[in-house]
Every structure is written in C-alpha cells, then in structure tokens.
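Trainee: Shown below is the structure under consideration.
Every number in this text was worked out from the coordinates using simple rules, so none of it is lab data. This structure is a prediction, so every number in the text was calculated from the model and none was measured. Note that each Cβ is placed from the backbone with ideal geometry, even for glycine, and that neighbours are counted across all protein chains shown.
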Amino acid sequence: MDNASSRAADTTAISHITTERKIPPMCQHQPPCPSADSADRECARLVVHHPEQGWSLLCNGVLLFEDTGELLPDGKIIAPHRPLGASKVMTAA
C-alpha cells in the first residue's frame, strides 16, 4: 500500500502564499517615533523597560542599555556615550 504520491502536498491552490513575513513597524502611534537610523533615535517611546537587567526596548526597535550603549535592529552596535565626569559638566548659577 504505497500512497506516497497521494500524500504529496498540492501547492497549486496556495501558490499566492509567500514565505516572507511582513513585520509591521513597531511604532503605530502619531506622530511616529524617530527611526532607528536617525540621530535622535533615543527619543522613541519605551515599549519594554527592564531596569533590573539594564536594558530597555524602544518603539523603533532599538535596545538601549543602562551604560548608554545601543543595539540597532539591523545588528549595528553603538558604543556607550556617557556624559563627561561631574567636574567637566557646567551648571547654571
């Protein structure tokens, strides 16, 4: 009883289906957050915040770490950019 040919999937009826997933943008509010490629990407809204683990996920897909380092959605790493020491910071009188 060899039914191997009858077990084959019939793909003619579903040829319009693609294997590529369409991932909607994370930012669906107005006005939209800055993209992960823009200079002001850190201004995006928080989606997930884990201070106990030292990271936050922004609406534009950027992972922001407590040491001010960043991981962009495309895998690019932004080195930490901490402010200068307290002795170098100017304050208003």
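Trainee: Could you give the nm distance between label points at Ala39 and Phe65, where each point is 7 Å from its Cα heading toward the beta carbon?
Mentor: 2.5 nm
Trainee: Let me ask another. Sorted by average packing, counted as other Cβ atoms within 10 angstrom per residue and highest first, what order do 27-34, 40-47 take?
Mentor: Working: 27-34: 12.2, 40-47: 14.4.
In descending order of packing, they fall as 40-47, 27-34.
Trainee: Take each of the peptides 74-81, 49-56, average the number of other beta-carbon atoms within 10 Å over its residues, and list them starting from the highest. Display every interim value, and only then the final one.
Mentor: Details: 74-81: 9.8, 49-56: 11.2.
Most protected by this proxy first, the peptides run 49-56, 74-81.
Trainee: Now, a different point. Can you tell me the length gained on complete extension of the stretch Val48 to His81, counting 0.36 nm per residue apart and subtracting the Cα distance?
Mentor: Gain on extension, Val48 to His81, equals 9.7 nm.
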